[in-house]
Amino acid sequence: MTSEIEIVERIQSDLRGPGGDWETSYEDVLGETLLVFKNRHKSIREMFENNIAKWASREFLVLEQTRITYEEFKSCVESTAYRMQTQCGITKGDRVAILAANSPEWVISFFAATHLGAIVSALNGWWTETEIRHAIELTDPSLIVGDSRRLSRAGSLLENLQVIDFDQNSLFFKASEDKPEYPAIAEDDPALILFTSGTTGKSKGALLSHRSLIGFVDGTIHNAYEKKLIALNLLDIDISSLPDTQEIILATSPLFHISGLPAGVLMNMANGAKLIFRKGKFDPADVLRLIEKEKVTNWVAIGDMGPRVMSHADFTNRDTSSLTRVSSGGAHLSKHMQNMISKHFPQAAHSIGQGYGSSESCGVITSIGGQDFKNFPDSAGRPCLGYEIEIRDSSNKPLGEGEDGEIHVRSAYSMLKYWGNDSATAETLKAGRWLSMGDIGKVMDGRLYINSRARDMIIRSGENIYPVEIEHQLESHPFIHEASVIGVDHEEKGQIVKAVIVLNENSQFDVDVFSQWCSESLAKYKIPEIWEHRTQPLPRTASGKVVKGALTGDRKISNFKD
């Protein structure tokens, strides 16, 4: 009788070995010998053309009354690329910034720009004018496209820039017979800038290549296909006997995130899926309506989206039986959340899982799901194909099994650099193209465990927040002598932001005043929700750094703002 280990080894050998559908080889990537898929697309444009041809008649993008097939989408992309090239003068290497909510125009703009060899700068749609200004000044785009609401938030900043408003120039994104002249594109040419919070208090732009984005797609699809094939073989089910049904994805993750564009659009396009967008703020009632109406099969519930939907009064009145995959992103999926998903979506209980990655790594570094996740609920899983992991100490030396240290990752798909920030690049991309993740963790029995409490970064509802950015804004207020910001565990949001404040002499502690002060330059999700007033100086090390561990013990909270 064939053992489970033998089945796994045979399937992996068949898929990854010579002649396999996912044959691998070692090749030179930016001076390093790294594992890659041998038969791969060499540009986003090439991947786009091949996938569109396979799924031409299927619906691809849906937003309210707008429904676009793959074939129609191809025409829209080609026509928009033509207009970018001939009307806006966009050429290879130019930056095209996108500042908008999720929409078909967002996706059309991305593909049109990258078809021309331009670099898309994906601006966070929740940013304030101050944050938008920093990103635009950093990347110097030749063109900005977006919706009226978010473009208006940029204020006078856009007066001297080329701007195309989705809402006022809808014809710019419509199909026509026009096609551009396409330049040659190499695998390691840059394609996308994704912004990530930085320890300097300002967002950093992770520059990703065509290879990075295609690697994300190929690696994630391979990982899922291999696991599915192994599971079916163990059950003695022939995969060719399964129906070829279209997956229907509820795309609530913002497109300026790694979970929105690479995971949400690029990967699902390769699978011929249909993406359902929605307008406005997150609304659990409307999410339930869409799941029922569109018969959604897959949904990634970032942050507190899942709990808000599962606890909504409409939940029992809506048919959610079509939803066979529910996953989470932005923070570790707690045992409590796993149990909630199993209870509310029992048909998806077997598929609950999660992955670990970042904008800089541009890929799912580790993943875990099924019985393995039930057995090891605190783990982030085993490394995916093509990813190496090392745990290092403060001297950059590798640590042994079970030892906590900083997580380092290497693959062919890591970012090229931080745009316009050589010092941050040097700190993060180390010799041999090892990427410092900035997270603390350990490896045991081949599985990665992340100690999120050892990190400075706060993850609130899937959004990364670095305290120093908020601390800088607070300490610029005339009433505040010093401030420290920490994350507080929250059952639904993962973490929420807490500010510990020491006032100047004779100043008044006023939560509303300080919240308003933060809102002048910070997005809403970064504004502290818990406030503490201290009369003694904050504890500091000899080098002057605040000892944040000393702030997380038992203490009286002076004020709570709901």
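The values are calculated or read from the model by the stated rules, or taken from the named source; none is laboratory data. None of these values were measured; they are calculated from a predicted model. All Cβ positions, glycine included, derive from the backbone under ideal geometry; neighbour counts span all protein chains shown.
In this structure, is S25 under 19 Å from S414 (Cα atoms) and polar (S, T, N, Q)? Here the answer is yes, as S25 does meet what is asked. Among the residues making up the stretch 66-85, those that are surrounded by 20 or more Cβ atoms within 10 Å (Cβ to Cβ) and of a type in the set (S, T, N, Q) are S79, T80, Q85. Restricting the stretch 120-172 to residues that are of a type in the set (F, W, Y) and surrounded by 20 or more Cβ atoms within 10 Å (Cβ to Cβ), the residue that is nearest to V77 (Cα to Cα) is F172. Scanning the stretch 86-108 for residues that are under 14 Å from I193 (Cα atoms), in contact with a Ser or Thr (Cβ under 9 Å, 6 or more places away or on another chain) and surrounded by fewer than 24 Cβ atoms within 10 Å (Cβ to Cβ) yields D94, R95.
Residues that are touching a residue at least 40 places away in the same chain (Cβ under 8 Å), over 27 Å from Y225 (Cα atoms) and among the small types (G, A, S) within the stretch 369-410 comprise just one, G402.
The selection criterion, being touching a Lys or Arg at 6+ places or on another chain (Cβ under 9 Å), at negative phi and crowded, with 23+ Cβ neighbours inside 10 Å, does not hold for A263. When you scan the stretch 123-130, do you find a residue that is touching a His at 6+ places or on another chain (Cβ under 6 Å), at pLDDT 95 or above and not in a strand (DSSP E or B), even just one? No, that holds for no residue. Among residues of the stretch 498-512 that are in the same structural domain as K548 (by TED's automatic domain parsing) and within 13 Å of E475 (Cα to Cα), those with a beta-carbon under 9 Å from a residue that is among the hydroxyl-bearing types (S, T, Y) and surrounded by 11 or more Cβ atoms within 10 Å (Cβ to Cβ) at least six positions away or on a different chain give the pairs A499/S484; V500/S484; I501/S484; I501/S558; V502/S484.
If you check K38, K42 for being at pLDDT 95 or above and either in contact with a Lys or Arg (Cβ under 9 Å, 6 or more places away or on another chain) or surrounded by fewer than 11 Cβ atoms within 10 Å (Cβ to Cβ) (or both), only one passes: K42. Taking the condition closer than 23 Å to N451 by Cα, in contact with a Pro (Cβ under 8 Å, 6 or more places away or on another chain) and modelled with pLDDT of 90 or more, does T366 pass? Yes: the conditions hold for T366. For the stretch 257-284, filtered to residues that are assigned to a helix (DSSP H, G or I) and of a type outside the set (A, V, I, L, M, F, W, C), the residue that is farthest from the chain's Cα centre (by Cα) is P284.
For the stretch 378-405, which positions are more than 24 Å from L30 (Cα to Cα) and either part of a strand (DSSP E or B) or of a type outside the set (S, T, N, Q) (or both)? Answer for the stretch 378-405, where residues must be more than 24 Å from L30 (Cα to Cα) and either part of a strand (DSSP E or B) or of a type outside the set (S, T, N, Q) (or both): D378, A380, G381, R382, D393, L399, G400, E401, G402, E403, D404, G405. Looking at the stretch 190-197, can you tell me whether even one residue there is in contact with a Leu (Cβ under 9 Å, 6 or more places away or on another chain), at pLDDT 90 or above and closer than 25 Å to W22 by Cα? For the stretch 190-197, residues in contact with a Leu (Cβ under 9 Å, 6 or more places away or on another chain), at pLDDT 90 or above and closer than 25 Å to W22 by Cα: present.
When residues in the stretch 145-194 are screened for being part of a strand (DSSP E or B) and under 27 Å from S521 (Cα atoms), 8 of them pass. Of everything listed in (1) modelled with pLDDT of 90 or more; (2) surrounded by 18 or more Cβ atoms within 10 Å (Cβ to Cβ); (3) farther than 30 Å from T366 by Cβ; (4) out of contact with any Ser or Thr (no Cβ under 6 Å at 6 or more places or on another chain), the single unmet condition for E471 is (1). Residue selection: R40 fails the criterion of being over 30 Å from A431 (Cβ atoms) and among the basic types (K, R). Residues in the stretch 433-464 that are at positive phi and either of a type in the set (V, I, T) or surrounded by 14 or more Cβ atoms within 10 Å (Cβ to Cβ) (or both): R433, G438, S461, G462. Within the stretch 153-166, which residues are at pLDDT below 95 and not aliphatic (A, V, I, L, M)? Matches in the stretch 153-166: R153, G155, S156, E159, N160. With respect to being over 16 Å from L194 (Cα atoms) and modelled with pLDDT of 95 or more, F111 falls outside the description.
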